[in-house]
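What follows is a set of notes on a single structure, which appears directly below.
The values are calculated or read from the model by the stated rules, or taken from the named source; none is laboratory data. Treat the numbers as computed from the prediction; the structure is a model and nothing was measured. Cβ coordinates were reconstructed from backbone atoms using ideal geometry, including for glycine residues, and neighbour counts include every protein chain displayed. These area figures cover heavy atoms from the full protein model, side chains too; ligands, DNA and RNA do not enter into them. Shrake-Rupley method; radii C 1.70, N 1.55, O 1.52, S 1.80 Å.
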Amino acid sequence: MLLVSNDFPPISGGQSRYLYDVWSCLPADQIVVMAPVVSGAEAVDSQLPYPVERVPLRLQGGRLSKVFKALQLLRAALAYCRRHRVRAIHCGQVFSTGFAGRGCRALLGIPYVVYVYGADLLEFYERPFWGRALRAILQGADRVVAISGFSRRAALSCGAEERRLHVVQPALDVSRFAAAVERDSARARFGWQGRRVVLSVGRLVERKGQDTVLRALVDIVQSIPDVLYAIGGSGPYRDRLQAMVIELGLRDHVEFLGFVDEDELADRYGAADVFAMVSREIAEVGEVEGFGIVYLEANACGTPVVGGRSGGVEDAVVDGESGLLVDPEDPADTAAALRSLLCDEALRVRLGEGGRRRVFAEFDRRQQAQNLWALSP
């Protein structure tokens, strides 16, 4: 089986992590991955038990670049499939790699599977050209893999056939989070002693809702003066968030961590009191959270989460069991949820432990890999 993807480590992000984790548990002698040439790729590929074919791609740019990227991937996939026997092509993204799958099926008769996340569908399905292309790719696929109930519903609304549509949720290498975090030493290392810490980790973009947490913090500091909001990640919204911190008078209560290295993630999650990412849908540009694997990572470390009730977040967070769901456009609702967790240790422990049990029982990447392998043509 051949996976063709724009996103694969060392590229960061949810799609990259999802594909890497699931495909790393498939039979190594029966798979190959085709991914972009990027800095650091050699180090990643050398640690993998299966081959990775790297293709030079222009990863940034507008919609015209998507067309060129699709043509490059189609050419590379056709060349590979003509040299090797390929059982099926898995397309990590619906557009650029979906064109490669559709083209190889038309020219070589190879079945293809396309993966959908949510935002990739909502952004384009109403546009004349892109909408037609989207429907053609979905309807021509032998299987469509959705990462959540939300993305499954979105795929159905875009023309995918229900009988070909399957949900394979994001999952974790649970061994990364099996060891208990030395919480006191981690808090000391991070300078979080004596603070009640709310942590976010994610790309700094409007959709992720860090601004809603900042507005909620204005209310929270009145009753919890030792609260600290630690914001991990980088992105174009950072300048706006930093300006908000000054405007709202929160300089003593907010810390920008920058990019959080994988090796440090578990300690950050375990040292925090609450993880919060109140993602919202921005319908006009098709921005929405398809799932949210960071919620699972935080839960795996025993930390309760607060999520925005939108998109696929309700698949990742069970309200009252692994965390709390809030209206992502309502700072008061967010403040109430955060305050309840920060002030009620029993609730915090119950949701944190419930989330950890759920992750280890339901979201082991080996289980999801078996599900994917079983449905492939």
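Ala180 meets the conditions (1) open to solvent by 40 Å² or more (accessible area, probe 1.4 Å); (2) assigned to a helix (DSSP H, G or I) in every case but one. The failed one is (2).
Does Leu71 satisfy the criteria of being surrounded by fewer than 19 Cβ atoms within 10 Å (Cβ to Cβ), among the hydrophobic types (A, V, I, L, M, F, W, C) and in contact with a Gly (Cβ under 8 Å, 6 or more places away or on another chain)? Criteria not met by Leu71.
Listed by position, the helices (runs of 4 or more DSSP H) enclosed by segment 190-295 that each have at least 1 residues that are in contact with a Phe, Trp or Tyr (Cβ under 8 Å, 6 or more places away or on another chain) and under 25 Å from Phe363 (Cα atoms) are 262-271. The set of residues in segment 21-58 that are open to solvent by less than 60 Å² (accessible area, probe 1.4 Å) and closer than 25 Å to Gly233 by Cβ comprises Asp21, Val22, Trp23, Ser24, Ala35, Pro36, Val38, Gly40, Ala41, Val44, Leu57. For segment 238-252, taking the residues that are open to solvent by 40 Å² or more (accessible area, probe 1.4 Å) and within 21 Å of Ser279 (Cα to Cα), the one that is nearest to the chain's Cα centre (by Cα) is identified as Arg238. Taking (1) open to solvent by less than 40 Å² (accessible area, probe 1.4 Å); (2) part of a strand (DSSP E or B); (3) under 26 Å from Phe363 (Cβ atoms); (4) not small (Gly, Ala, Ser) in turn, His166 satisfies each apart from (1). In segment 334-354, of all residues being touching a Ser or Thr at 6+ places or on another chain (Cβ under 9 Å) and either in a loop (DSSP other than H, G, I, E, B) or free of Cβ contacts under 8 Å to residues at least 60 places away in the same chain (or both), the one that is surrounded by the fewest Cβ atoms within 10 Å (Cβ to Cβ) corresponds to Leu347.
Confirm whether Glu297 is at pLDDT 95 or above and out of contact with any Cys (no Cβ under 7 Å at 6 or more places or on another chain). Judged against the criteria, Glu297 is a match. The test for being surrounded by 15 or more Cβ atoms within 10 Å (Cβ to Cβ) and more than 17 Å from Asp7 (Cα to Cα) does not hold for Tyr117. Would it be correct to say that Glu345 is within 18 Å of Ala178 (Cβ to Cβ), out of contact with any Lys or Arg (no Cβ under 8 Å at 6 or more places or on another chain) and of a type in the set (Asp, Glu)? Criteria not met by Glu345.
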